[in-house]
Amino acid sequence: MNYQHLKYFQAVARRENYQLAAQDLFITQPTLSRAIANLESEIGFPLFEKQGRNIRITAFGKAFSTYVDSAIDSIDEGVMHLRNMANSMEGCISISAIYGFFYNQLPILLSAFNEKYPHVTFKTESATSADVIQHVHDEKFDIGFHCGTPKMHYYPALEFYQLASSELVVITSKEHPLAGRSSVSLKELEGYPYVSFSPEAGSYSYIQQMFSDAGANIHTRYMVSDDQGILNMVANNLAFSTIIEESVRNSQNVSMLRIVDDIPKTVPIYISLKRKQQRLLLLETFLQKALDHYQFEAEK
């Protein structure tokens with residue numbers, strides 16, 4: 001039983017005439033007759049009976065017609081709802097983002113978006129880059145913001161757009177021996193205890209490669225999964241760390257030093273969404289606004 005056959009039945013039930021119903025449906029009368037015969041065979045009851053040269057609906061047909069009308073109305077209403085939903089600029093967008101982006105950049109994006117689209121709500125969560133990507137893949141969240149990572153290649157069902165590149169900086173407590181300086185070479189940090197991101201963090205591999213390129217032998221004493229945890233440990237003078245600049249830009253509790261080594265010291269930041277043939281206008285608009293925002297920032 002399919003939707004088209006139910007529509008055919010509905011037309012014949014209203015007209016009680018195959019020829020007129022076929023004209024209403026823009027199909028041939030034999031095609032309509034075969035469809036009704038197949039429907040009757042599938043149901044096991046006659047829906048129409050001949051009356052001279054005409055037909056009339058049977059008691060079974062009348063009873064069935066009530067349910068068919070209700071079902072078709074419900075399906076048509078559902079289709080209209082989906083079309084409205086696909087083109088609506090109202091609703092909820094769920095976002096998973098790495099900690100530094102979550103606390104510093106995401107509020108700016110959400111504020112700018114809500115200024116233009118005040119009826120959009122947001123559900124947000126902070127996580128490591130690995131978890132952000134997995135959340136979007138599993139459709140627990142619509143959109144993810146995360147560092148670039150080799151694991152992205154294992155998610156062909158996702159689309160990744162690079163937003164920006166964030167500079168890695170060194171952070172120390174206000175009491176650290178290097179706190180009064182504005183810059184530092186990585187080898188100067190040898191001998192000081194270090195708090196590292198955990199391997200699940202997107203920036204982990206970039207930071208490790210940076211230390212390797214500089215030939216710096218850094219002693220990792222602590223390992224933490226999130227930016228805020230690292231900032232708290234550094235602020236309490238447990239160790240120094242390296243972090244993307246956005247994560248520390250508004251922090252008053254630590255000192256920031258730029259890295260002078262002539263080596264790669266940036267981390268790419270991406271936005272990711274599930275790869276789909278048709279995406280809600282709401283998500284497509286948010287994606288474009290995010291890309292436009294960072295394009296504008298890059299051109300300043």
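The values are calculated or read from the model by the stated rules, or taken from the named source; none is laboratory data. Every value quoted in this text rests on a predicted model; they were computed, and no experiment measured them. Cβ atoms come from the backbone with ideal geometry, glycine included; neighbour counts cover every protein chain shown. Heavy atoms of the whole protein, side chains included, go into the accessibility calculation; ligands, DNA and RNA do not. Shrake-Rupley method; radii C 1.70, N 1.55, O 1.52, S 1.80 Å.
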Pairs with Cβ under 8 Å, 6+ apart, first in the range 150-176 and in contact (Cβ under 8 Å) with a residue 60 or more places away in the chain and more than 25 Å from Gln288 (Cβ to Cβ), second open to solvent by 40 Å² or more (accessible area, probe 1.4 Å) and part of a helix (DSSP H, G or I): Leu168/Tyr206
Strands (runs of 3 or more DSSP E) completely within the range 53-131 that count 1 or more residues being open to solvent by less than 60 Å² (accessible area, probe 1.4 Å) and among the aromatic types (Phe, Trp, Tyr): 120-127
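Taking Ile36, is it in a helix (DSSP H, G or I), open to solvent by less than 80 Å² (accessible area, probe 1.4 Å) and in contact with a strand residue (DSSP E or B) (Cβ under 9 Å, 6 or more places away or on another chain)?
Details: in a helix (DSSP H, G or I): yes; open to solvent by less than 80 Å² (accessible area, probe 1.4 Å): yes; in contact with a strand residue (DSSP E or B) (Cβ under 9 Å, 6 or more places away or on another chain): yes.
In short, yes.
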Residues that are open to solvent by 50 Å² or more (accessible area, probe 1.4 Å) and modelled with pLDDT of 90 or more, drawn from the range 254-283: Met256, Arg258, Val260, Asp262, Pro264, Thr266
Top-ranked residue of the range 186-231 - restricted to ones that are farther than 20 Å from Ser166 by Cβ and of a type in the set (S, T, N, Q), ranked as most open to solvent (accessible area, probe 1.4 Å): Asn217
Every residue from the range 1-21 that is aliphatic (A, V, I, L, M) and over 18 Å from Asp69 (Cα atoms): Leu20
The range 286-297 - residue that is at pLDDT 90 or above and open to solvent by less than 40 Å² (accessible area, probe 1.4 Å) and, of those, nearest to Ser247 (Cα to Cα): Ala290
Filtered residue count, the range 3-33, keeping only those that are open to solvent by 70 Å² or more (accessible area, probe 1.4 Å) and assigned to a helix (DSSP H, G or I): 9
